[in-house]
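Beneath this line is the structure, given in C-alpha cells, with notes to follow.
Laboratory data are not the source of any read-out in this text; all were calculated from the coordinates shown. On a predicted model such as this, the values are computed, not experimentally measured, just so you know. Ideal geometry is used to build each Cβ from the backbone, glycine not excepted, and the neighbour counts take in all protein chains shown.
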C-alpha cells in the first residue's frame, strides 16, 4: 500500500478575497517574488491622491499659524517697482 502525503498547509490563514479579485490573486501567485513586488509597488504608486495620510485636528491646530521668514514684502515691492 502506497500512502501519499498532502502538501503542507500554510500556518497563516489566507485572507478572504472577494470573488472578483480571485483572477488577480491567481495571476500574482504565478509571478516570481521580484516581479510580484514590482507590480505591487507600481500599483501603490498609481493610487489616487485622496489616499494621502490624514492630519488629526490636534496636529492641525499645532501646525497652523503665521510663519515668519524674514523680510518685508511692502519694502521689497517698493524697491522693485518704485525705485
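Details
- Nearest-0.05 FRET efficiency for residue 78 and residue 57, computed from C-beta distance (R0 35 Å): 0.30
- Ranking of 67, 17, 25 by count of other Cβ atoms within 10 Å, fewest first: 67, 17, 25
- Here the residues 30, 19, ranked from fewest to most Cβ neighbours within 10 Å of their Cβ, fall in the order 19, 30.
- Exposure proxy shown here: for 41, 36, the number of other Cβ atoms within 10 Å sets the order, fewest to most, as 41, 36.
- Compared with the direct C-alpha span, the chain from residue 16 to residue 64 gains 13.1 nm at full extension, assuming 0.36 nm per residue.
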